[in-house]
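Structure first, then comments.
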Amino acid sequence: MSVWEIREVDVHDEPVLREWWEVGHTASAERPFEAWPVWEVSKVTMQFPRSDSVITLLSAYDGPRAVGSALLVEFVLDNPRLAEITVWVTPEHRRQGIGTALLVEVEERARRDGRTSLISSAFAPVDAESPGSLFAAARGYPVGSAEETKLVDVTSAAASWPELQREVDSARGDYSVVVFETACPEEHVDGFAAVLSRFLGEIPTGDLDIEDAQWTPERIRLGEREREQAGRVNVTALALAPDGAVCGFSDVRLSRADPRHGEVGGTIVLDEHRGHRLGLAMKLATHQRVQEMFPECVHIETGNAGVNAPMNSVNERMGYRVVERCLDVQKRLS
């Protein structure tokens, strides 16, 4: 039986970090779109320190060659018992025990750090299993929540957005939407923090062991500074009630180094303010701003649980199409 050497990656050693990146790039090529960040983005992202989590990278070597890699994210500001993990193995080296060896290592590191729940995301075709979903099930990670990964082709879908804009303009009454891409306007930062703190409690998370995050204006400002330094952009829309209170948000996240692919971070309208087309209004605002700022953006990705009918309807009208399943899996450590 082969024995692989597992090494922790020094993120400031670019050749070693590049080997870690190459494994993930190769393993992700089976997905139906270019989901793996380009090297110029990952190099900066992985080297930049984060205030909300501790990140550990591991690589498995067969002689001089990296054939597997893993990511361990341990949250420090919220959910201190939780860690997020991902394991990749190049296709030609699967079913040899490499993924299992990496998984055992990251589980042990998480256990030593007092983590009791591990979550991960396994991507699979709409109507079939994948190596990732089969691996998760075989290693004791049942599905806690299932979502659909969706893409919108920005250029082709944008033709229908003006008509949707007229619809939301006539339906939202005295509600309004503001958009920003750097700092949240000072007059809205307290309300934005309050809505963010309710986000996880308002969206479907299935059986995942996730608690609400606690946001403050100071935490928002810290995140803004870190994104700017890391070359990241969050195009964010806030929904404002007639009295000016923040009652919803939606954002699209991009990298300035490669803005071809955007990703929706989250969208929510507080329950007591629904029924005014605010979810659609905010998504239109962010997507149109992305198109203005980054004309090279090809598509935007989002994910929604099947039970989230209102948001699924919004995404369908925006032009999103389902491309794969995202299975959020979880294991509780003994």
Can you tell me which of 97-105, 249-257 comes out highest on packing, and rank the rest after it, using the mean Cβ neighbours within 10 Å? 249-257, 97-105
Cα-based helix-to-principal-axis angle, 278-293 vs the chain, degrees rounded to 10: 70 degrees
Projecting the Cα atoms of 117, 79, 300 onto the charge dipole of the chain, where Lys and Arg contribute +1 and Asp and Glu -1 at Cβ, the residue farthest towards the positive end is 117
Relative contact order computed over the chain (Cα-Cα under 8 Å; 6+ residues apart), in percent: 22 percent
About the Cα centre of the chain, how large is the charge dipole given +1 on each Lys and Arg Cβ and -1 on each Asp and Glu Cβ? Please answer in debye to the nearest 20. 400 debye
Angle check, please: helix 217-230 long axis (alpha carbons) against the longest principal axis of the chain (alpha carbons), in degrees 0 to 90, nearest 10. 60 degrees
Between 0 and 90 degrees, rounded to the nearest ten: what's the tilt of helix 98-112 against the longest Cα principal axis of the chain? 70 degrees
Under 8 Å for C-alpha pairs, at least 6 residues apart: give me the relative contact order for region 151-324, rounded to a whole percent. 31 percent
Restricting attention to the alpha-carbon atoms of region 49-90, what are Rg (one decimal) and Dmax (integer), both in Å? 12.8, 39
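Based on the mean of other Cβ atoms within 10 Å per residue, sort peptides 152-161, 234-243 so the most packed one is first.
Values: 152-161: 15.3, 234-243: 19.9.
Packing order, densest peptide first, comes out as 234-243, 152-161.
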Based on DSSP H runs of at least 4 residues, each adding -39500 (n - 2.57), what is the mean residue ellipticity at 222 nm of the chain after dividing by all its residues, to the nearest 500 deg cm²/dmol? -10500 deg cm²/dmol
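Do you know the relative contact order of region 1-78, to the nearest whole percent, from alpha carbon pairs under 8 angstrom that are 6+ apart?
On the way: 99 pairs, mean separation 29.4, N = 78.
About 38 percent, as a whole number.
Taking the Cα centre of region 93-139 as origin and charging only Cβ (+1 Lys, Arg; -1 Asp, Glu), how large is the dipole, in debye to the nearest 20?
On the way: 7 positive and 6 negative charges, 35 e Å.
For region 93-139, the charge dipole is close to 160 debye.
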Computed on Cα atoms, the radius of gyration and Dmax of the chain in angstrom are 20.4, 69
Expected sort for 56-62, 6-12 on mean C-beta neighbours within 10 Å, highest first, is 56-62, 6-12
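Kindly provide the Kirkwood hydrodynamic radius of region 106-168 in Å, to one decimal, from all pairs of distinct alpha carbon atoms. All intermediate terms of the calculation are to be shown ahead of the outcome.
Values: mean 1/r = 0.0644 Å⁻¹.
Taking the inverse mean of 1/r over all distinct Cα pairs, region 106-168 comes out at 15.5 Å.
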Restricting to aspartates and glutamates and to Cα separations under 18 Å from residue 43, and discarding same-chain partners fewer than 8 apart, the set is 8, 10, 13, 14, 19, 22, 34, 226, 228, 258
Counting only the backbone N, which residues of region 279-316 are under 17 Å from the spot 7 Å out from the Cα of residue 167 toward its beta-carbon? 279-288, 309-316
Here, region 227-334 modelled as identical Cα point scatterers in vacuum has Debye log10 I(q)/I(0) at q = 0.18 Å⁻¹ of -0.95
Can you check what the Kirkwood hydrodynamic radius comes to for region 1-147, Cα pairs only, in Å to one decimal? 15.9 Å
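Is the shape of region 151-324 best called rounded, prolate or oblate, per the rule: a/c under 1.5 gives rounded, else a/b larger than b/c gives prolate, else oblate, with a ≥ b ≥ c the square roots of the Cα gyration tensor eigenvalues? Before the final figure, lay out each step's value.
Values: a/c = 1.24, a/b = 1.09, b/c = 1.14.
Since a/c stays below 1.5, the shape of region 151-324 is classed as rounded.
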State the Cα centre-to-centre distance between region 102-139 and region 181-252 in whole Å. 28 Å
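The numbers here are math on the coordinates, done by the rules we state, and not lab data. Source: prediction; values computed, not measured. Reconstructed Cβ throughout: ideal geometry from the backbone, glycine too, with neighbour counts over all protein chains shown.
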